[in-house]
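Written out below as structure tokens is the structure these notes cover.
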Amino acid sequence: MHPGTIHTTHWFAFCRRKLRADVMAAFPTLGTDQVSVLVPGKEELNIVKLYAHRGDAVTVYVSGGNPILFEVEKNLYPTVYALWSYPDLLPAFTTWPPVLEKLVGGADLMLPGLVVPPAGLPQVQKGDLCAIALLGNRAPVAVGVAAMSTAEMLTSGLKGRGFSVLHTYQDHLWRSGDKSSPPSLAPLALDPPDLSEEKESVQADPALQGDLRRLTLEGEEENGEVQRMCGEKSLSEASEDPSVRGLNPDPTDSKTLQEQMDELVQRCFLHALKCQVRKADLPLLTSTFLGSHMLSCCPEGRQLDIKKSSYKKLSKFLQHMQQEQIIQVKELSKGVESIVAVDWKHPRKGSILEGGEVRTIIINYVKRNDLVDADNKNLVKLDPILCDCILEKNEQHTVMKLPWDSLLTRCLEKLQPVYQVTFPGQEPIVKKGRICPIDITLAQRASNKKVTVVRNLEAYGLDPCSVAAILQQRCQASATVTPAPGAKDSLQVQIQGNQVHHLSRLLLEEYQLPRKHIQGLEKAPKPGKKK
């Protein structure tokens, strides 16, 4: 916003009352006390008349030296200074940090520049006033008007102009204030305390179903066409910026890009049915199901594109889901298909989820159902589903809230643990329970000689007979393989003397097993001691 002529006058009490009434009418989510703070009764409140270069008359209300509101053609808008005090005043959309420079330079916000959160985009209509924030900080940096509804944004595949930007941090209106920087505000209900988790898998409980697999396909340029953020920066350029994460496929994933997209399509389909579609929504146009439900279930930073899957078309994918007897699709009018029935009891048990995925599912569930305590963001209110999942019977009527870390820990404890082992060139092996560490012990034989005993080698793909042969050659000591006591179909290796040093080098350096999965390495002989 660029200033022209400026004129200032003092306000009287009746003018303050009128402004407060206008603010409450424009922003009904603000309470009376909040409006009284925003438009104070005793502090000096000034009005500034601006005339932009295009000739538009802009009325700016200044309190405490900062512009808090501005009015154009009888429409009232908050400034970023006001939004920093009330960050939830407007529906907030998130973009990448490099986009801010373009917005300040006068660009509108293009839809490819949006970051889609796990719970989906805020629901707005065309012409609604919106706030724009940067990834990682809830403090708004711009105010704009939606160029289309949320449904239209999703149907378009997040392409085109999303918001007409009216005012930004660092523009002339901001410079008329104290020129302070945005405060650091953590995203609501998305960043509870980190828990130390081992990277092992868990088997999903039916009450916590929804997201079935972790997928690694990220957004990419399609057919060489560069998608633009703010009409300036492409996704490929943005992905090279250190502040932009998660836009490219995972190079460590052994699946092809098409296989990854197949899994992403299925994940978004099931998540949409589980969390968004209700029986009352049926029949539901398949195009609406994709645009308003499936796309909003796409994980943050990822791009759902059915054309890049093996299905190629939505209709073919839905036919497959119909063959699986999950849904029923009919052509209710010529050339227009709708989902007319959903088998809500269709079994979806047994899905493998990592601890981090469980954490994401729970966070999304809490946010979607507005369960974060309004007075203490570190507490979560327990609804009937969470109560049934994690509380003991004697807690059902006494525990109403839990801290984030306790909620997540309890949920993980209720799930059945499984582990996955992958050997080079082989399909991953998934087994229930927890993987037992390789166990190294020292035993005293009748002849008063020590022997080193190694158990649980098979769980890590190691042949006990081969390990025994290697150790016998390197240690120049006798080695035998015998059945492990108390373990069905398991063998143990016994080698004469304390050979923990040799075992340590073999397991850690040559086989490159993680140290945390080996117990007994501390039993190696101290320097100078006889074995």
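Below, the figures for the structure above:
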| item | result |
| --- | --- |
| Accessible-area composition of the range 10-83, carbon plus sulfur, in percent [1.4 Å probe] | 55 percent |
| Entries in LYS49/LYS179; LYS488/LYS526; LYS126/LYS179; LYS102/LYS179; LYS102/LYS159 that, when Cα-Cα distance is taken, lie over 25 Å | LYS488/LYS526; LYS126/LYS179 |
| Peptides 278-285, 106-113 ordered by average Cβ neighbours within 10 Å, highest first | 106-113, 278-285 |
| Portion, in percent, of the accessible area of the range 330-471 that falls on carbon or sulfur, probe 1.4 Å | 52 percent |
| Interchain or long-range residues, amide H under 5 Å from GLN303's placed H | GLY219 |
| Eligible lysines near LYS523 by straight Cα distance, threshold 18 Å, same-chain separation 8 or greater | LYS449, LYS450, LYS531 |
| Global form of the range 90-176, assessed from the alpha-carbon gyration tensor, a/c cut-off 1.5 | prolate |
| Packing-based ranking, highest mean first, of 176-184, 139-147 given that Cβ atoms within 10 Å are counted | 139-147, 176-184 |
| Extended-chain gain in nm, criterion 0.36 nm per residue less alpha-carbon gap, ASP489 and ASP343 | 48.3 nm |
| Phi to ³J(HN,Hα) by Karplus 6.51 cos²θ - 1.76 cosθ + 1.60 over the range 481-498, Hz, x for Gly, Pro | 10, 9, x, 7, x, x, 10, 6, 6, 10, 10, 10, 9, 10, 9, 5, x, 8 |
| Hz values of 3J(HN,Hα) by residue in the range 268-282 - Karplus curve (6.51, -1.76, 1.60), Gly and Pro given as x | 5, 4, 5, 5, 5, 5, 6, 10, 10, 7, 10, 4, 5, 6, 7 |
| Set of lysines near LYS334 by C-alpha distance (under 24 Å), chain-local residues within fewer than 8 positions excluded | LYS279, LYS307, LYS312, LYS313, LYS316 |
| Alpha-carbon centroid distance for the pair the range 473-529 / the range 372-390, whole angstrom | 48 Å |
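The values are calculated or read from the model by the stated rules, or taken from the named source; none is laboratory data. Treat the numbers as computed from the prediction; the structure is a model and nothing was measured. Don't worry about glycine lacking a Cβ; one is built from the backbone with ideal geometry, like all the others, and counts go over all protein chains shown. The area values use the complete protein model at the heavy-atom level, side chains included, leaving out ligands, DNA and RNA. Shrake-Rupley method; radii C 1.70, N 1.55, O 1.52, S 1.80 Å.
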